[in-house]
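To start, the structure itself, in structure tokens.
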Amino acid sequence: MNPRRVKHPVRRLAKRGFRGYPVGTVAFYGPDDRRATKAAVGIIPSEDAEPDELGRWMVEHGDVRHDISIGKEIVAFLKRHGVRSVVMADRIIGCPHEEGIDYPEGETCPDCPFWRDRDRWTGQPNPPPK
């Protein structure tokens, strides 16, 4: 099998590039940078608009990125909303718990110490304060 071939249905959509609005955004979250336990998908209807729909999929065990049935559910969600383009982060971008819902606003998640003092976009530790 060709290693360049994209198998996951959501990755296949993202590889198409920008084709117009609405845009689907796909982000993965996990307790660390190796295992994603949550996928969040937002629908952005037009340029400069906030997402107007949000879908979430979670797994207790394993990795949501490798669950083909969840991948198919995400693709169906995107199609239901008429998505023309898909944008997807190439890494896990943070803790799966939600500030203000799973833990108090302004605090760090007590269940995911990996993300404390870490840049969610690069995965690198933040420099200590001066």
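The values are calculated or read from the model by the stated rules, or taken from the named source; none is laboratory data. Treat the numbers as computed from the prediction; the structure is a model and nothing was measured. For neighbour counting, all protein chains shown are included, and Cβ atoms are generated from backbone atoms with ideal geometry for every residue, glycine included.
At-a-glance table
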item: Residue list for region 31-45, filter: farther than 12 Å from residue 65 by Cα and among the small types (Gly, Ala, Ser); result: 42
item: Unique match (being out of contact with any Lys or Arg (no Cβ under 9 Å at 6 or more places or on another chain), farther than 25 Å from residue 109 by Cα, of a type outside the set (Val, Ile, Thr) and part of a loop (DSSP other than H, G, I, E, B)) among 20, 82; result: 82
item: Tally, over region 20-41, of residues that are in contact with an Asp or Glu (Cβ under 8 Å, 6 or more places away or on another chain) and more than 18 Å from residue 120 (Cα to Cα); result: 1
item: Residue count for region 57-104, restricted to those that are exposed (fewer than 12 other Cβ atoms within 10 Å of the Cβ), modelled with pLDDT of 95 or more and either at positive phi or under 14 Å from the mean Cα position of the chain (by Cα) (or both); result: 1
item: Condition met for residue 45 (surrounded by fewer than 19 Cβ atoms within 10 Å (Cβ to Cβ), touching a residue at least 24 places away in the same chain (Cβ under 8 Å) and farther than 23 Å from residue 120 by Cβ); result: yes
item: Residue in region 85-92 that is of a type outside the set (D, E, K, R), touching a residue at least 40 places away in the same chain (Cβ under 8 Å) and assigned to a helix (DSSP H, G or I) present; result: no
item: Selection count, region 55-85, where residues are charged (D, E, K, R) and touching a Ser or Thr at 6+ places or on another chain (Cβ under 8 Å); result: 2
item: Cross-chain or 6+ apart pairs with Cβ under 8 Å, region 68-80 first and under 10 Å from residue 57 (Cβ atoms), then in a helix (DSSP H, G or I); result: 70/64; 71/9; 71/10; 74/9; 74/10
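Residue-by-condition table, conditions (1) part of a helix (DSSP H, G or I); (2) of a type in the set (A, V, I, L, M, F, W, C):
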| residue | (1), (2) |
| --- | --- |
| 26 | no, yes |
| 34 | no, no |
| 43 | no, yes |
| 46 | no, no |
| 49 | no, yes |
| 56 | no, no |
| 60 | no, no |
| 69 | yes, no |
